[in-house]
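The structure appears right after this line, and notes come after that.
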Amino acid sequence: MIKRIYVDNYKCFVNFELRFEPLTLLLGRNGAGKTSVLDIMFALRELLSGRVKISDEGIFPANTLTAWQTNRFQTFQLDTDVDGDVFSYRLVVEQNQAERMFRIKEESLKDGERNFLFNCQLGEVQLYRDDLSPGPKYSVDWSESALARIPARHDNTRLTKFLDFMRGVVVCGMYPASFQAEIVEYEEMLNRDASNFASWYQHQQLENPDSIEKFKRKLEEVIDGFDSARLEKTGSSRRAFRISFLEEGKQKYELSLNEISDGQRALLALYALTELYSGTKNPLYLDEPENYVSLAEIQPWLIELYDRCGESIPQAVICSHHPEVINYLGSIHGVLLNREQSGATRVNDLSDVISGDAEVGITLSEIIARGWEN
Amino acid sequence: MGELSQRRVGMAILCEDEQQEVFFRKFLEGMGWNLRQLRIEKAPPGKGSAKQYVSERYPIELKKYRSKRSAINIKLIVMIDGDAVGISDSKGMLKESCRRNSVDPRSDDEAVAILVPTWNIESWLAYLDGQAVDENNSKYPRLDKPSLCRRHAKALAEMCQSKQLRNPAPKSLQLACDEYQTRIVENN
């Protein structure tokens, strides 16, 4: 799991540190930085997947510099624990707008004892082997992650372990209206908005057939009349996601993914996340997962997630404003992000909020609704 | 197919905190309940207020239970730590809260179970961990994480299914098991 993130000079984060647990609920007002935490995780995942350049939209373009700072360097640090192996990743980005030069100044990976496994300074890489002996030195394109380019070898298994872990980080803020019913190719990773749910499901069907069956059985409990889901061939290389319904007294009928409601799509995706990522090493970073979901369905899904976190799902970090989520998870798992007078975001200890002297406690969501959390 | 999909809660659980909630929920799972039948209401955070919250909330939940019971087969479980007050006085607090709110106390035929872990839920966890437990001892340690009570809940479910607690069992747990059996299981 990701244990800690440090960020400096990115949007509202100046010298900012946040620690994560197996289940963490990020709370805070609009603009406090909750989604920005997920933006950073997404950007780091994409960078370490080797798919993007530093200045690409959605990664670390110059407009992510903290507006009131003149410092042109952004720093990102992640401390992770992957099956007992501790890693510390550090990325320093230089945003030189005057010279239109946006580059990675520093990128390094260390182990739990602060030994380098990889070090890149201004485009010059020094590799290290698993036994910490120096490996090759070479020059790289500093507009992208050099670490992402390292191929897996017998003598760099630890570095590869970190990369594989980071490439599996799931970052999702669902937008069910964007879900595409037609599948053209398998997709291993869910998009940020889950629009490729069907393509991702197709991949899961091949990789995780047992989990797919459990997922379908779960949907029978969750979606009225749900009978089954299948991928129907609609062309030589195209398939469509179809859901069949069988309700008492009615004939069986089928609908495409884009013909069911937003809420039903949201439920499909939420239970797919908990069922299909169970038993994997993928941490889940979810932005307002309760959106579109009916009130009666929020707590049952939260309980499913809670029961799996730290066990079959290594980690879940949720951003939410919803009272159901706040009241169920907030008092023990909540972390409050708060913008200070300086504009920078800080983490406030919720115990200061909740250890109050109320004779009869009011709910945490009510405290927050009244603006009493600060 | 589709039988439980339109969620209709069959059991409301009113409890003090996350540890009570997770423990009892895991116990119910072990006894065959489907999670979707449960609705959890935990006391909001606030030092010393959890017991009072449950106490204040109880008559409201009892009234709601009564208004729905003819239409739906529902149960109400209330969990409140005994602390220094003990089992009888804790139940007395709930009865007094009903009186203040002009709600008749629960009757024998109602599927409303009041469970009073004494000294607190950690006492039960210690017992289910194999220890002999003194209900006057407030110092049984908390688990590092509430979710670690899975095996404790499983142990209790197994004992309940065989209708026998390991001797010597804490009195509060014995009474709780009796309440569960008579008011929840047998009251259908």
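Derivation of every value follows stated rules applied to the coordinates shown; laboratory data play no part. Note that the coordinates shown come from a computational prediction; the quantities given were computed from them, not determined experimentally. Ideal geometry is used to build each Cβ from the backbone, glycine not excepted, and the neighbour counts take in all protein chains shown.
Can you say whether A:Asp39 is of a type in the set (D, E, K, R) and farther than 30 Å from A:Gly343 by Cβ, as far as the supplied structure shows? Spelling it out, it is not the case that A:Asp39 is of a type in the set (D, E, K, R) and farther than 30 Å from A:Gly343 by Cβ.
Yes or no, residue by residue, for (1) assigned to a loop (DSSP other than H, G, I, E, B); (2) without any contact (Cβ under 8 Å) to a residue 12 or more places away in the chain; (3) of a type in the set (A, V, I, L, M):
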site: B:Ser90; (1), (2), (3): no, no, no
site: B:Pro105; (1), (2), (3): yes, yes, no
site: B:Ile114; (1), (2), (3): no, no, yes
site: B:Trp119; (1), (2), (3): yes, no, no
site: B:Leu125; (1), (2), (3): no, no, yes
site: B:Arg150; (1), (2), (3): no, no, no
site: B:Gln181; (1), (2), (3): no, no, no
site: B:Ile184; (1), (2), (3): no, no, yes
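Among the strands (runs of 3 or more DSSP E) contained in the range A:287-358, which hold 1 or more residues that are within 30 Å of B:Gly10 (Cα to Cα) and not polar (S, T, N, Q)?
On the way: elements: A:316-319, A:334-339, A:345-348.
In the range A:287-358, A:316-319, A:334-339 are the strands (runs of 3 or more DSSP E) which contain 1 or more residues that are within 30 Å of B:Gly10 (Cα to Cα) and not polar (S, T, N, Q).
Taken over the range A:283-333, the residue count meeting the criterion of being within 10 Å of chain B (Cβ to nearest Cβ) and under 15 Å from the mean Cα position of the chain (by Cα) is 1. Is it fair to say B:Pro105 is over 15 Å from the mean Cα position of the chain (by Cα) and surrounded by 12 or more Cβ atoms within 10 Å (Cβ to Cβ)? The answer is yes for B:Pro105.
Within the range A:236-269, the only residue that satisfies the criterion of being among the β-branched types (Val, Ile, Thr) and in a strand (DSSP E or B) is A:Ile243. On the stretch given as the range B:27-61, residues that are at the interface with another protein chain (Cβ under 8 Å from one of its Cβ atoms) and among the charged types (D, E, K, R) total 5.
Take B:Ile60 and tell me if it is of a type in the set (A, V, I, L, M), assigned to a helix (DSSP H, G or I) and more than 16 Å from the chain's Cα centre (by Cα).
Yes; evaluated as a whole, the condition is true for this residue.
Condition check ((1) assigned to a loop (DSSP other than H, G, I, E, B); (2) within 14 Å of another protein chain (Cβ to nearest Cβ); (3) of a type outside the set (Val, Ile, Thr)) across all residues:
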| position | (1), (2), (3) |
| --- | --- |
| A:Met166 | no, no, yes |
| A:Glu187 | yes, no, yes |
| A:Arg192 | yes, no, yes |
| A:Trp200 | no, no, yes |
| A:Asp210 | no, no, yes |
| A:Lys214 | no, no, yes |
| A:Lys218 | no, yes, yes |
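Being among the basic types (Lys, Arg) and either closer than 30 Å to A:Phe215 by Cα or in contact with a strand residue (DSSP E or B) (Cβ under 7 Å, 6 or more places away or on another chain) (or both) is the requirement here; does B:Arg69 meet it? So B:Arg69 fails the test.
Counting the residues of the range B:53-97 that are touching a Phe, Trp or Tyr at 6+ places or on another chain (Cβ under 8 Å) and either surrounded by fewer than 17 Cβ atoms within 10 Å (Cβ to Cβ) or under 20 Å from A:Ile362 (Cα atoms) (or both) gives 7. Considering every residue within the range A:89-107, establish whether at least one is surrounded by 14 or more Cβ atoms within 10 Å (Cβ to Cβ) and part of a loop (DSSP other than H, G, I, E, B). No, that holds for no residue. Pairs are defined by a Cβ separation below 7 Å, a sequence spacing of at least 6 or placement on different chains, a first member in the range A:177-193 that is over 20 Å from A:Tyr285 (Cα atoms), and a second member that is among the aliphatic types (A, V, I, L, M) and in a loop (DSSP other than H, G, I, E, B); no pair meets this definition. With respect to (1) within 13 Å of another protein chain (Cβ to nearest Cβ); (2) out of contact with any Asp or Glu (no Cβ under 8 Å at 6 or more places or on another chain); (3) surrounded by fewer than 16 Cβ atoms within 10 Å (Cβ to Cβ); (4) in contact (Cβ under 8 Å) with a residue 24 or more places away in the chain, the lone exception for A:Lys252 is condition (2).
B:Asn137 falls short of the stated requirement of being within 15 Å of the chain's Cα centre (by Cα), under 23 Å from B:Lys171 (Cβ atoms) and of a type outside the set (Gly, Ala, Ser).
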